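We did not get these values from a lab; they are worked out from the coordinates using the rules stated. Because the structure is a prediction, the values reported are computed rather than measured. In this analysis, Cβ positions are derived from the backbone assuming ideal geometry, glycine residues included, and neighbour counts consider all displayed protein chains.
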Amino acid sequence: MTTPAGVEAVGDLEAAPEEATNVKAVEAALAKVLKADYPSGEELAKLLQSAGVSVANQTANIVGDNGTIGQASGGSTVKISYTPTHSKSG
């Protein structure tokens, strides 16, 4: 986050953390740093976990009709209700 764009993004976020565009700019800058330096990503995950932040990776691949997915992490729950809207005849 030492590039001019990274410094600007962090400064904007500090000045107005409620602005979604400032949050997205820091997320984008941080993603670039972590992609360029994978060990930094591992260190960040360790730091976040030691601070009590839940770190989870989730992936879902859905194929076919009426695909529904629910994902939860860290003791969260997901409730999915499904009501068919049509039926297929064979």
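With no solvent and one point per C-alpha, what does the Debye sum give as log10 I(q)/I(0) for the chain at q = 0.20, 0.23, 0.24 Å⁻¹?
Taking Cα atoms of the chain as identical point scatterers yields -1.10, -1.20, -1.22.
Given contacts defined as C-alpha pairs under 8 Å and at least six residues apart, what's the relative contact order of the chain, whole-number percent?
14
Determine the dipole magnitude for the chain: charges of +1 sit on the beta-carbon of Lys and Arg, -1 on that of Asp and Glu, nothing else is charged, the reference point is the Cα centre, and the result goes in debye to the nearest 20.
540
Could you tell me which residue out of Ala29, Val53, Tyr82 lies farthest along the dipole of the chain toward its positive end? Charges go on the beta carbon: Lys and Arg +1, Asp and Glu -1, centred on the Cα centre.
Of the candidates, Tyr82 comes out farthest on the positive side.
What's the tally of Lys pairs in the chain whose alpha-carbon atoms lie under 23 angstrom apart, where the two lysines are 8 or more places apart or on different chains?
Count of close lysine pairs: 5.
Against the longest alpha carbon principal axis of the chain, how many degrees, from 0 to 90 and to the nearest 10, is the axis of helix 20-36 turned?
The angle comes out near 80 degrees.
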